[in-house]
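> Dropping the structure in here first, questions after.
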Amino acid sequence: MIIDNKLPIFDGHNDVLQSIYLPKTGRPRSFFERTAEGHIDLPRMREGGFAGGFFAVFVPSNSPSAGFPGAGPGSAATAYEIPLPAPLDLTYARTITIKGMAGLFRLEAESKGQVKVIRTAAELTAAMECAAIAAVLHFEGAEAIDPDLDALEVFYQAGLRSLGLAWSRPNVFAHGVPFKFPGTPNIGPGLSDAGRQLVNACNRLGISIDLAHITEQGFWDTAALSRTPLVVTHTGAHALCPSTRNLTDKQLDAVKESDGVVGVNFHVGFLRRDGRRDPNTPLSEIVRHIDYIARRIGIEHVAFGSDFDGAIMPLDLGDVSGMPKLLQALRDHGYDDDALRKIAHQNWLRVLRESWKQ
Ligand SMILES: [Zn+2]
């Protein structure tokens with residue numbers, strides 16, 4: 001039953017860990033106090049009905065080109081191209097990754113039961129039933145993992161349940177797309193031999209594989225090899241916004257065929273037809289992408305992938321506390337309770353259950 005459009009939300013991507021814990025990029029704020037900083041804290045999650053999601057551990061590049069891309073509101077030009085940052089050093093990537101993981105585990109401990117790091121589908125269901133925030137430990141890029149995959153085994157034991165094969169830069173396993181608008185995701189090579197081993201190992205362990213940021217060739221290589229549903233945690237429809245970060249119709253069709261799911265990114269630059277990074281972007285732009293994907297591949301294959309704390313949100317949404325407004329916008333657009341439940345959490349839960357096998 002829906003009360004004030006507060007349906008439990010499970011979300012494909014947030015960057016709250018680096019927003020709060022990482023040096024340089026972190027601002028001094030607490031996860032447990034309501035502030036106007038960033039997009040996520042516990043009080044605002046509760047207001048918005050946020051029940052769980054992928055908590056990304058991300059390793060920033062040191063290079064100056066690694067900032068968030070896109071033409072700003074004051075810019076006349078909308079086209080842009082950010083060169084790929086250099087690959088990361090393994091030791092550096094691992095140090096920062098462990099810092100992010102420690103941040104999540106401390107947050108869980110300090111929450112006194114309000115946040116739970118999830119390792120099985122049963123834990124996920126249980127957390128959502130008892131209203132603990134269900135946090136799935138996700139790595140946005142595989143740079144902290146050695147080609148022998150020793151670290152993968154250790155990170156899995158620690159709780160890693162979702163792995164992005166690449167962020168928008170090369171690594172030993174795969175290549176990410178550069179941020180480019182307009183542009184196609186068919187830009188750069190696919191999986192290396194080590195990348196194929198990594199896909200197999202994720203399948204064996206029960207780690208969900210995230211294909212956000214990867215090149216189209218990397219996507220197809222994974223689609224041909226992986227035995228689990230295809231997952232793209234935070235992306236959009238390329239037909240509506242021709243960014244390298246968005247999925248072509250053919251890629252969307254492949255997600256459907258695998259019974260996978262696409263999390264729609266709320267970053268305005270990946271929503272708008274003109275690619276502009278303008279917060280004055282209506283909520284209807286998110287609805288437009290959800291609607292397109294639902295019509296093309298079915299309501300079972302579309303979900304949310306906000307990118308809260310990692311991107312520029314439409315002003316109408318603001319932050320996570322604005323999620324009921326998005327649900328209302330979808331309802332106004334004709335989505336009924338059944339459809340909204342699928343988009344809000346059921347699709348994510350189905351796919352994770354299938355990927356984790358426990
Ligand atoms: Zn991302």
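> Out of GLY269, GLY218, report the one residue that is among the small types (Gly, Ala, Ser), under 17 Å from the mean Cα position of the chain (by Cα) and surrounded by 24 or more Cβ atoms within 10 Å (Cβ to Cβ).
So the residue among GLY269, GLY218 that is among the small types (Gly, Ala, Ser), under 17 Å from the mean Cα position of the chain (by Cα) and surrounded by 24 or more Cβ atoms within 10 Å (Cβ to Cβ) is GLY269.
> Follow-up. Any idea how many residues of region 228-256 are outside any loop (DSSP other than H, G, I, E, B), under 15 Å from GLN217 (Cα atoms) and either in contact with a Pro (Cβ under 9 Å, 6 or more places away or on another chain) or of a type in the set (Lys, Arg) (or both)?
Here the count works out to 4.
> Now for a separate question. What number of residues within region 312-354 satisfy the criterion of being farther than 23 Å from ASP41 by Cβ and either of a type outside the set (A, V, I, L, M) or without any contact (Cβ under 8 Å) to a residue 24 or more places away in the chain (or both)?
Qualifying residue count, region 312-354: 15.
> Oh, and also: Select from region 4-36 the residues that are at pLDDT below 90 and either in a helix (DSSP H, G or I) or within 16 Å of the ligand (Cβ to nearest atom) (or both) and list them in ascending order.
Of everything in region 4-36, those that are at pLDDT below 90 and either in a helix (DSSP H, G or I) or within 16 Å of the ligand (Cβ to nearest atom) (or both) turn out to be GLN18, SER19, ILE20, TYR21, LEU22, THR25.
> Out of curiosity, is ASP259 farther than 30 Å from ALA79 by Cβ, touching a residue at least 60 places away in the same chain (Cβ under 8 Å) and of a type in the set (Asp, Glu)?
yes
> Taking region 136-163, which residues are under 18 Å from ARG196 (Cα atoms) and of a type in the set (S, T, N, Q)?
Result: SER162, single match.
> Now a separate question. Quick check on this structure: which one of SER192, SER208, SER226 is within 16 Å of the ligand (Cβ to nearest atom) and either at pLDDT 95 or above or in contact with a strand residue (DSSP E or B) (Cβ under 8 Å, 6 or more places away or on another chain) (or both)?
Within the list SER192, SER208, SER226, the selection yields SER208.
> Test ARG277 against the criterion of being within 16 Å of the ligand (Cβ to nearest atom), basic (Lys, Arg) and in contact (Cβ under 8 Å) with a residue 12 or more places away in the chain, and give yes or no.
yes
> Another question, then. Regarding GLY263, is this residue crowded, with 22+ Cβ neighbours inside 10 Å, more than 25 Å from THR228 (Cβ to Cβ) and within 16 Å of the ligand (Cβ to nearest atom)?
No: the conditions fail for GLY263.
> Can you report the number of residues in region 160-188 which are touching a Phe, Trp or Tyr at 6+ places or on another chain (Cβ under 8 Å) and away from the ligand (no atom under 16 Å from the Cβ)?
Number satisfying all stated conditions: 2.
> Being touching a helix residue (DSSP H, G or I) at 6+ places or on another chain (Cβ under 7 Å) and in a helix (DSSP H, G or I): is that true of ALA303 here?
No: the conditions fail for ALA303.
The values are calculated or read from the model by the stated rules, or taken from the named source; none is laboratory data. Predicted model only: the values in this text are computed from it and were never measured. Ideal geometry is used to build each Cβ from the backbone, glycine not excepted, and the neighbour counts take in all protein chains shown.
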